[in-house]
Amino acid sequence: MSNDAGALDDLLHEERRFPPPEGFAEGAVMSDPGVWAEAAEDREAYWASWAAELDWFQPWSRVLEWTPPHAQWFTGGTLNVSYNCLDRHVEAGRGDRPALIWEGEPGDTRTYSYAELLDEVSRFANALKGLGVERGDRVTIYLPMIPEATIAMLACTRIGAIHSVVFGGFSPDSLSDRNNDAEAKVLITADGGWRRGGVVALKANADIALEDSPTVESVVVVARGGALTEQTPVDMADGRDHWYHDLVAAADAECPPEKMDAEDTLFILYTSGTTGKPKGVVHTTGGYLTQVYATTKAVFDLRDDDVYWCTADVGWITGHSYIVYGPLANCAQVVMYEGAPDAPDRGRFWQLCEKYGVTIFYTAPTAIRAFMRWGESWPQSYDLSKLRVLGTVGEPINPEAWMWYHEVIGGERCPIVDTWWQTETGGAMITPLPALTTTKPGTATRPFPGIDVAILDNDGDPTHSGYLAITSPWPSMLRTIWGDDERYRRTYWSKWDGLYFPGDGAKLDADDYVWILGRVDDVLNVAGHRIGTAEVESALVDHPAVVESAVVGKSHEIKGESIASFVTLKEGIDATDDLMSELRDHVGHKIGAIAKPEVVVFTAELPKTRSGKIMRRLLRDIAEGRTVGDTTTLADPAVVKRLQELHEADEG
Ligand code: PRX
């Protein structure tokens, strides 16, 4: 387990309670405390009432068909996601309302109204059709945080193409793996994006990936604009590569939305698991949109005059559900920012909140801990008085960070919604509702109405401390793993019969609030990003100097976890500092900078059982500098002592 269970026991004695602020319930989206009971009474009817707030071309005939582990929601219904995010708002007379309020890291800005966004999305959708993209085809999107990321996603949904967004920080190898697994026909990228005053050159990375992406027929390149585009030369392959602006300028602005079946695949998003190969999590159309629409509205208490900002990247599920689909389906005014929180200085987020009058702010604990460290003077230099709801997601939030968020950012007046969910769940699952829930620092509280969870032991019996389980199907659940339904069954549905296992440990307190303990499998959570230990291990052994490696998580003040690796080199190869940084770079090159191990310990051998299984538990103890647990099953107990010495020398 990545988190220390002892520390959690302390948390369960948390005495602080934060009821919804006085008057908050007035005009709130959800203010009836009976909503949980009402949803529990008829879960399907509850979700159907949310689905009815979307626009359907053809109504569904059945709310749910459940043949474990396969669910179908709103069967028989047809709809289009881009229509629900754009057209219907324009048709309702809200075309002039700002949809996307974007700011680049250097300070350049662009705002799209709903009508303008519809126009741009329709043109780009036609351009994709012109490249031969048809319903069901896969399109990889590898873009920085620029409006074209949202536009490209919506354009795919308009024509029924399946997008696979790949985070811009991933390496060429990661990109080609994803292109190939999804058999993508088109890749959409940009010359680059700004990050901490520097340029992340995406097209150059894409070119390397394309050497090994045989299914990709066409590439669309966005000119990010400004100084970046002037400074960043791009090679355009004749016939294959096209400039986004040329395609859009030549395209027709009318593009009728495809009528998609509720269960047609909307997108694939790759996420780390316990093996080296990322999983293509498959989300479909009607159920996904219903739940992200409902949770955006209810969890953030989204009202008409709100200005909403989620600081995630569109390359992650949070960006999909809570920058693009949930907010736009709600006709929200969405702020989007390209760059880093400390560029040009550590006040950037707060400067943006003041400038755009942000009222709802959604970020991650790792960011909050960084802000804490940077000091109160940064947020205090800006007017944050418009903020009224704060959110957090990605990992358990420690109470100190929660309190700081509450006091310094929220001015003690904003409810905090700590939302537990996953790439696989598509939308928020365990979360406070701001007008109804009394929060406690460190817990995501209770399941959203219409969601059923339990804490179970290995046998599937209820307990107060064990594994989190989701006990009924939910609309935005993943439907399968792309091309590997067997892996879907094995990963999520084999622990207990007919119940979903998210991979997290959890505890239940006396108020039936859920406290998430962290992952119980070999998946790390580094700065809110999921990284499989096996992925990093295979990247390490891919280096010619390495025979064997083992990777574990190590607690980290800001990132939550960082990566510690133990590496055995080939005979005759010297363990040097240069090799250490070469290995870190190699992992960065294979996966992306987020996966670079912080610690590399060279060791002649790894602690193994007599049957040859690496004892990660011991490696975790060593990495944390803890007293090492039971070593009696080790083939060679002396290994641990040697490793401890090596690790201490490395730390020193
Ligand atoms: O361990 C849980 C943690 O993040 C995992 C999901 O990661 P990912 O698929 O990348 O999605 C992150 C954004 C939704 C979960 O299995 N996690 C996420 N949110 C929380 C959390 N742990 C505790 N509290 C949360 N609020």
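The values are calculated or read from the model by the stated rules, or taken from the named source; none is laboratory data. Predicted, not measured: the structure shown is a model, and the values here were computed from it. Neighbour counts run over all protein chains shown; Cβ positions are idealised from the backbone, glycine included. Protein only, heavy atoms only, side chains kept; ligands, DNA and RNA dropped before computing areas. Shrake-Rupley method; radii C 1.70, N 1.55, O 1.52, S 1.80 Å.
Before we move on, is P449 buried (at least 21 other Cβ atoms within 10 Å of the Cβ) and either within 21 Å of the chain's Cα centre (by Cα) or in a loop (DSSP other than H, G, I, E, B) (or both)? Yes.
Based on this model, can you work out whether K386 counts as away from the ligand (no atom under 16 Å from the Cβ), in a helix (DSSP H, G or I) and among the charged types (D, E, K, R)? Show your work before the answer.
Working: away from the ligand (no atom under 16 Å from the Cβ): yes; in a helix (DSSP H, G or I): no; among the charged types (D, E, K, R): yes.
No: the conditions fail for K386.
Considering region 312-349, and only residues there that are under 11 Å from the mean Cα position of the chain (by Cα) and of a type in the set (S, T, Y), the residue that is farthest from S82 (Cα to Cα) turns out to be T318.
When region 478-503 is filtered for residues that are within 13 Å of the ligand (Cβ to nearest atom) and either under 20 Å from A182 (Cα atoms) or open to solvent by less than 10 Å² (accessible area, probe 1.4 Å) (or both), the ones remaining, listed by number, are L478, T491, Y492, Y500, P502, G503. Within region 280-325, the only residue that satisfies the criterion of being open to solvent by 10 Å² or more (accessible area, probe 1.4 Å) and either outside the structural domain of M153 (by TED's automatic domain parsing) or in a strand (DSSP E or B) (or both) is V307.
Of everything listed in (1) away from the ligand (no atom under 16 Å from the Cβ); (2) of a type outside the set (S, T, Y); (3) within 28 Å of N398 (Cβ to Cβ), the single unmet condition for G528 is (1). Taking the options S555, S538, name whichever one is more than 10 Å from the ligand (Cβ to nearest atom), open to solvent by 30 Å² or more (accessible area, probe 1.4 Å), modelled with pLDDT under 95 and assigned to a strand (DSSP E or B). Going through S555, S538 in turn, just one is more than 10 Å from the ligand (Cβ to nearest atom), open to solvent by 30 Å² or more (accessible area, probe 1.4 Å), modelled with pLDDT under 95 and assigned to a strand (DSSP E or B): S555. Residue pairs whose Cβ atoms lie under 9 Å apart, sitting 6 or more positions apart in sequence or on different chains, and linking a residue in region 518-529 that is at positive phi to a partner that is charged (D, E, K, R), are G518/E395; G518/D504; G518/E561; A527/E395; A527/K559; A527/E561; G528/E395; G528/K559.
Of everything in region 413-432 that is in a loop (DSSP other than H, G, I, E, B) and over 17 Å from the mean Cα position of the chain (by Cα), the residue that is nearest to the ligand (Cβ to nearest atom) is P432. Do we have A39 as at pLDDT 95 or above and touching a Leu at 6+ places or on another chain (Cβ under 9 Å) here? So A39 fails the test.
Checked against the criterion of being open to solvent by less than 40 Å² (accessible area, probe 1.4 Å), modelled with pLDDT of 95 or more and among the β-branched types (V, I, T), region 49-69 has at least one qualifying residue. Out of G466, G518, I need the residue that is within 16 Å of the ligand (Cβ to nearest atom) and buried (at least 22 other Cβ atoms within 10 Å of the Cβ). Which one? Of the residues listed, the single one that is within 16 Å of the ligand (Cβ to nearest atom) and buried (at least 22 other Cβ atoms within 10 Å of the Cβ) is G518.
Among the residues here, G197 qualifies as open to solvent by 20 Å² or more (accessible area, probe 1.4 Å) and on the phi > 0 side of the Ramachandran plot.
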